[in-house]
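The values are calculated or read from the model by the stated rules, or taken from the named source; none is laboratory data. Treat the numbers as computed from the prediction; the structure is a model and nothing was measured. Cβ: placed from backbone, ideal geometry, glycine included. Neighbour counts: every protein chain shown. Note: areas computed on protein heavy atoms with side chains; ligands, DNA, RNA excluded. Shrake-Rupley method; radii C 1.70, N 1.55, O 1.52, S 1.80 Å.
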Amino acid sequence: MGKITGFLEYKREVETYDKVKNRLKNYKEFTVSMDEKALQNQGARCMDCGIPFCHSGCPLGNLIPDFNDNVYKGKWKEAAKILHATNNFPEFTGRLCPAPCEEACVLGINEDPVTIENIEKNIIEIAFKEGWITAQIPEHRTGKSVAIIGSGPSGLSAAQQLNRAGHHVTVFERDKKVGGLLRYGIPDFKLEKQIIDRRVAILEEEGITFKTNAHVGKNVSVEILKNEFDAIVLCGGATVRRPIPIKGAHLKGVHQAMDFLKQSNQRVDGQTKFEEVILAKNKNVIVIGGGDTGSDCIGTSNRQGAKTVTNFEILSKPSIGRAATQPWPYWPMRLRTSSSHKEGAERYFSISTKEFIGDKNEKLIGLITVEVEWIFKNGERPQLKELPNTEKHWNCDLVFLALGFMGPETTLIEQLGLETDFRTNIKASTHNYMTNISGVFAAGDIRRGQSLIVWAISEGRQAAHHVDSYLMGQSYLPLKDDNDLPRV
Ligand SMILES: Cc1cc2nc3c(=O)[nH]c(=O)nc-3n(C[C@H](O)[C@H](O)[C@H](O)COP(=O)(O)OP(=O)(O)OC[C@H]3O[C@@H](n4cnc5c(N)ncnc54)[C@H](O)[C@@H]3O)c2cc1C
Ligand code: SF4
């Protein structure tokens with residue numbers, strides 16, 4: 001443990017943000033860096049608890065007190081080594097993770113928790129700046145080959161692990177560029193895309209082959225992959241968007257959030273031609289859905305110059321603090337206000353959209369809502385009750401549907417004859433991540449449903465261990481909760 005009295009001496013401090021009026025002028029990240037001394041003080045707040053609950057709060061099992069201690073002592077290179085022992089891409093999680101570890105931090109019981117996520121981001125950024133993050137090219141090749149389908153965080157972490165074990169790894173990605181939702185879902189103001197390019201360049205140097213514009217099941221035959229590769233890992237995400245089956249959903253101006261976000265990310269990347277242009281400039285925008293995707297639509301609409309931005313959430317407004325039913329160290333469903341919310345959006349909870357209204361040209365001009373109440377009865381699914389006389393008309397020109405995702409696409413499931421679970425995700429147990437087809441594995445959102453980047457990286461790492469075992473009879477690739485194994 002670094003400083004025994006650190007948590008008594010220093011208050012929690014995190015990076016601040018550039019002013020709203022400045023940051024809305026562009027799509028760049030807008031956090032203001034802290035100096036190294038201030039970060040070391042934050043590391044000193046870690047109490048190195050006997051049982052560090054943050055370990056189990058983190059889906060990767062990051063060795064948090066160990067890197068905090070090294071940060072406190074200014075040993076950044078050592079901290080980076082510890083961080084990489086469990087996390088292939090801390091530059092993604094350090095920016096984007098909702099940090100369940102911080103909710104499980106023991107200091108958080110009666111004080112503000114340690115700023116684990118911000119420390120993580122700074123460790124990796126210092127490591128890149130100092131040139132410590134270099135390609136680790138395997139000394140020996142096994143002669144085995146693995147095809148990974150999908151280049152999101154699960155595909156990238158599986159690829160890096162399997163390449164380090166000496167296998168020839170090829171990643172097939174249907175999009176023009178690598179990264180999955182990191183590239184085409186999450187806006188640049190949360191993750192500038194050169195952060196992905198910087199890491200992908202290292203993966204390529206390590207020996208991983210990336211094939212883009214390669215849509216497996218469409219322009220790349222999955223049968224050929226089965227014959228040419230010794231194992232296949234499916235990392236295609238859970239991309240089927242939830243529709244809203246109400247009157248007027250077909251109107252011009254009603255869009256799925258991902259169509260809007262993908263186009264905006266492509267525009268920021270320099271693309272100028274689109275089949276249908278979706279732009280929020282001078283528009284009254286309503287975003288339906290109060291999660292991460294909805295929040296990204298708000299931030300993007302404000303950057304595009306929307307006239308107004310309104311956000312609806314069908315669930316009731318959560319409490320600001322922890323509810324008694326979600327005690328420490330569990331992840332609490334509390335009210336989360338993102339930097340995008342703070343940039344300007346009217347938020348409404350317990351509200352349900354009943355109908356979209358169009359003009360004679362089928363162009364969206366408004367919508368109708370009702371207020372709702374959730375009825376909870378022991379042992380039953382919560383029931384939604386519409387409140388009488390609460391109907392309201394809203395004017396709007398654009399609606400973005402950020403209602404979540406229903407599961408993976410079916411093309412590969414059908415072509416390979418894969419079994420799915422009751423939620424339509426690909427069935428592959430955490431015991432070995434293998435599907436019902438021998439040699440075909442699944443990881444990330446395609447297996448667990450739409451989730452988090454930290455989970456996708458974790459799944460990719462776990463699956464890689466089992467693929468390696470399948471190919472070699474045993475594996476030295478680390479497994480979570482298996483910290484005694486030699487790390488590769
Ligand atoms: C708008 C948005 C914002 C989010 N923000 C956050 C956040 O702030 N923090 C967080 O932790 N999580 C966030 N998430 C969730 C997170 O992005 C996902 O959980 C994570 O990206 C899942 O990783 P994955 O590798 O399983 O799949 P994905 O990232 O979805 O990647 C799947 C890849 O597979 C490719 N693919 C699919 N089928 C094929 C095929 N047949 N052939 C070739 N390629 C194929 C796709 O094109 C895609 O590139 C967000 C999600 C969305 C939609
Ligand atoms: S990856 Fe997320 S949960 Fe894990 S230590 Fe980092 S911020 Fe915490």
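Going by the structure shown, is residue 430 among the hydroxyl-bearing types (Ser, Thr, Tyr), under 15 Å from residue 149 (Cα atoms) and more than 16 Å from ligand 2 (Cβ to nearest atom)? Write out each step before concluding.
Working: among the hydroxyl-bearing types (Ser, Thr, Tyr): yes; under 15 Å from residue 149 (Cα atoms): no; more than 16 Å from ligand 2 (Cβ to nearest atom): yes.
It is false that residue 430 is among the hydroxyl-bearing types (Ser, Thr, Tyr), under 15 Å from residue 149 (Cα atoms) and more than 16 Å from ligand 2 (Cβ to nearest atom).
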Would you be able to say whether some residue in the range 346-354 is surrounded by 16 or more Cβ atoms within 10 Å (Cβ to Cβ) and touching a residue at least 60 places away in the same chain (Cβ under 8 Å)?
yes
Among strands (runs of 3 or more DSSP E) entirely inside the range 250-351, those with 3 or more residues being more than 24 Å from residue 452 (Cα to Cα) and either more than 13 Å from ligand 1 (Cβ to nearest atom) or not aliphatic (A, V, I, L, M) (or both) are 284-288, 308-312
By residue number, the members of the range 448-462 that are buried (at least 24 other Cβ atoms within 10 Å of the Cβ) and farther than 23 Å from residue 196 by Cα are none
Of the residues in the range 50-70 that are in a loop (DSSP other than H, G, I, E, B) and open to solvent by 40 Å² or more (accessible area, probe 1.4 Å), the one that is farthest from ligand 2 (Cβ to nearest atom) is 50
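How many residues are open to solvent by 60 Å² or more (accessible area, probe 1.4 Å), under 24 Å from residue 444 (Cα atoms) and either not acidic (Asp, Glu) or not in a helix (DSSP H, G or I) (or both) when one looks only at the range 228-249? Spell out the reasoning first.
If we filter the range 228-249 for residues that are open to solvent by 60 Å² or more (accessible area, probe 1.4 Å), which is where we start, we get 228, 230, 241-243, 245, 247.
Cutting the leftovers down to under 24 Å from residue 444 (Cα atoms) gives us 228, 230, 241-243.
Next, only the ones that are either not acidic (Asp, Glu) or not in a helix (DSSP H, G or I) (or both) stay: 230, 241-243.
Going through the range 228-249 one residue at a time, the tally reaches 4.
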Go through the residues of the range 179-194 one by one and say whether even a single one is touching a residue at least 40 places away in the same chain (Cβ under 8 Å) and in contact with a strand residue (DSSP E or B) (Cβ under 6 Å, 6 or more places away or on another chain).
-> no
Residue 311: passes all of (1) at pLDDT 95 or above; (2) under 22 Å from residue 99 (Cβ atoms); (3) open to solvent by less than 30 Å² (accessible area, probe 1.4 Å) but (2)
Restricted to the range 71-98 and to residues being assigned to a loop (DSSP other than H, G, I, E, B) and buried (at least 22 other Cβ atoms within 10 Å of the Cβ), the residue nearest to ligand 2 (Cβ to nearest atom) is 97
